[in-house]
Amino acid sequence: MPPATRWIPYIMPTRYLLRGSLIAYLSDQDFFDPPTDTFISGKDILKSLFDIDDNKWLMLLAGLGFALLFRLQHYFFMYRNLSKLGAALTTSEDTSIPPTRTNTASQVCVTVFQACACVSQLIL
């Protein structure tokens, strides 16, 4: 891999979650190799084939960190953009349409969270 693009795999959440899954599944198992009649540990397979000797809990924590980062990013952009909701709608004085009440982004977020809480109570 070229040195200029060597950093790209480190920003992918699947890198950490896949490594953690491989460690969780293979590290505590022994595999039988019929041609040599020996057992090979999963840790040896991870080290020799995949060059993985990381901690599975650290990989899980990194994956959860990415999920938290994406969720916070989502809330930030939702809060920022919902304040502009309905700003393009203008009412003129000569129309018979009554002016509408504009909601702030925080009011919309509270309403959305209340609706989600009601739905979760109905499901449970």
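The values are calculated or read from the model by the stated rules, or taken from the named source; none is laboratory data. Since the model is a prediction, treat every value here as computed from it, not as a measurement. Note that each Cβ is placed from the backbone with ideal geometry, even for glycine, and that neighbours are counted across all protein chains shown. Accessible surface areas use protein heavy atoms only, side chains included; no ligands, DNA or RNA. Shrake-Rupley method; radii C 1.70, N 1.55, O 1.52, S 1.80 Å.
Volume per residue for region 1-71 equals 96 cubic angstrom (convex hull of Cα atoms).
Could you tell me what a quarter of the Cα convex hull surface of region 12-52 works out to, in nm² with one decimal place?
Working: hull surface 11.7 nm².
Averaging across all directions leaves 2.9 nm² for the Cα convex hull.
To the nearest 10, the accessible area of residue 10 is 120 Å² with a 1.4 Å probe.
Bridgeable lysines around residue 56 (alpha carbons under 20 Å apart, same-chain partners fewer than 8 residues away excluded): 43, 47.
Counting other Cβ atoms within 10 Å of each Cβ, which trypsin sites (Lys or Arg not before Pro) in region 1-68 have at most 12 and sit in a DSSP loop?
Those satisfying the criteria are 6.
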